[in-house]
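Here the structure is laid out as structure tokens; the discussion comes afterwards.
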Amino acid sequence: CSDSNGELHEFGSRWRTTDCNDCSCDTNGISCCSSFVTPVDYDEEKCVTIFNSETCTYKVVEKDNHSKECPVRGWVG
């Protein structure tokens with residue numbers, strides 16, 4: 001399989017892209033899906049999401065103090 005960057009992958013292989021998608025290659029081609037969950041149902045007035053592209057995770061923190069995490073009541077992914 002040839003990915004969007006032109007890199008070849010063997011059948012049966014799996015990899016994570018730089019934009020945090022988990023991909024696999026088989027005889028039908030390449031399939032990819034998001035490797036992270038997105039926070040929902042949190043106080044959007046008081047809090048902001050920060051995405052860490054190295055760990056492929058979100059953190060929800062107070063807008064005025066990024067050292068204080070906010071409670072999240074739901075995640076989708």
Every pair of residues 6+ apart whose Cβ atoms lie under 9 Å, when the first sits in the stretch 51-77 and is within 11 Å of CYS20 (Cα to Cα) and not assigned by the TED database to the domain that holds ARG16 while the second is among the charged types (D, E, K, R) and open to solvent by 100 Å² or more (accessible area, probe 1.4 Å): CYS56/ARG16
Taking the stretch 12-32 as the region of interest, how many residues are over 14 Å from SER2 (Cβ atoms) and acidic (Asp, Glu)? 2
Of ASP3, ASP22, ASP41, the only residue that is on the phi > 0 side of the Ramachandran plot, among the charged types (D, E, K, R) and either touching a strand residue (DSSP E or B) at 6+ places or on another chain (Cβ under 6 Å) or surrounded by 13 or more Cβ atoms within 10 Å (Cβ to Cβ) (or both) is ASP41
The number of residues in the stretch 25-38 that are surrounded by 15 or more Cβ atoms within 10 Å (Cβ to Cβ) and part of a loop (DSSP other than H, G, I, E, B) is 2
Quickly run through the stretch 6-19 and pick out the residues that are hydrophobic (A, V, I, L, M, F, W, C) and either open to solvent by less than 80 Å² (accessible area, probe 1.4 Å) or not in a strand (DSSP E or B) (or both). PHE11, TRP15
Checked VAL72, VAL60 against criteria (out of contact with any Ser or Thr (no Cβ under 7 Å at 6 or more places or on another chain) and surrounded by 11 or more Cβ atoms within 10 Å (Cβ to Cβ)); the one match is VAL72
Flag if CYS47 is touching a His at 6+ places or on another chain (Cβ under 7 Å) and either over 16 Å from VAL76 (Cα atoms) or open to solvent by 100 Å² or more (accessible area, probe 1.4 Å) (or both): no
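The values are calculated or read from the model by the stated rules, or taken from the named source; none is laboratory data. Since the structure is predicted, the reported quantities are computational estimates derived from the model, not experimental observations. Because the Cβ atoms are built from the backbone with ideal geometry, glycine has one as well, and the counts that use them run over all protein chains shown. Ligands, DNA and RNA are excluded from the accessible area calculation, which covers all protein heavy atoms including side chains. Shrake-Rupley method; radii C 1.70, N 1.55, O 1.52, S 1.80 Å.
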